[in-house]
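The values are calculated or read from the model by the stated rules, or taken from the named source; none is laboratory data. All of these numbers come straight from a predicted model, not from anything done at the bench. All Cβ positions, even for glycine, are placed from backbone atoms using ideal geometry, and neighbour counts span all protein chains on display. Each accessible area value is taken on the protein alone, full model and side chains, heavy atoms only, with ligands, DNA and RNA left out. Shrake-Rupley method; radii C 1.70, N 1.55, O 1.52, S 1.80 Å.
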Amino acid sequence: MKCILWLILLINMFHIAILKACQLPESLVGKRILLHVYGLAAETNPLADNIVMMHFNQRDYQVMILDTGKKSVGTYSYQRYEFDLAELRIKENVSSEGKTVMADYTNTFVCQSDTSGLYIFNGIEGTAYPQYWQHSGRYFIQSH
């Protein structure tokens, strides 16, 4: 019986340690996120091997592609589903080939530490072909 109690206690401590291994922020207000976009340059991955910097205010955000200096602004919503899982939904106007196009996409974050982890980008509408595309990469979260 004593062994079973110790086993339950150890399992509980291990479970708590796993839950506290990393945590995404509850809000992005006042945060900066750096994204390293993985992959090879292609029509369906126009930001491949670039670094993207995003600054978040209460309802809007600013983004700059560090490799090119190209800037954009838009609105966002952020939902943390679990301590280690969150989704960022972005809508922004992007200038491309002399016209403005609405870009609508999500980044799904899975943390590996409190300040970094991996993300999956899902493009829903925008400048890249096809209308739906995906890529992944690594993120880093900083406070302003």
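Scanning the stretch 87-121 for residues that are open to solvent by less than 30 Å² (accessible area, probe 1.4 Å) and more than 23 Å from residue 60 (Cβ to Cβ) gives 111, 116, 117. Of all residues in the stretch 40-81, those satisfying the criterion of being of a type in the set (Asp, Glu) and over 13 Å from residue 27 (Cα atoms) are 43, 49, 67. Summed over the stretch 21-71, residues that are of a type in the set (Ser, Thr, Tyr) and open to solvent by less than 50 Å² (accessible area, probe 1.4 Å) total 1. Elements of the type strands (runs of 3 or more DSSP E) sitting completely within the stretch 47-144 and holding at least 3 residues that are closer than 26 Å to residue 21 by Cα: these cover 51-56, 71-82, 85-96, 99-111, 116-125, 133-143.
Looking across the stretch 73-94, just one residue is among the polar types (S, T, N, Q) and either under 21 Å from residue 112 (Cα atoms) or in contact (Cβ under 8 Å) with a residue 24 or more places away in the chain (or both), and that is 79. Of all residue pairs spaced 6 or more apart or on separate chains, those with beta-carbon atoms under 7 Å, a first member in the stretch 31-43 that is part of a loop (DSSP other than H, G, I, E, B) and a second member that is open to solvent by less than 40 Å² (accessible area, probe 1.4 Å) are 38/135; 38/137; 39/45; 39/48; 39/135; 40/48; 41/48; 43/128.
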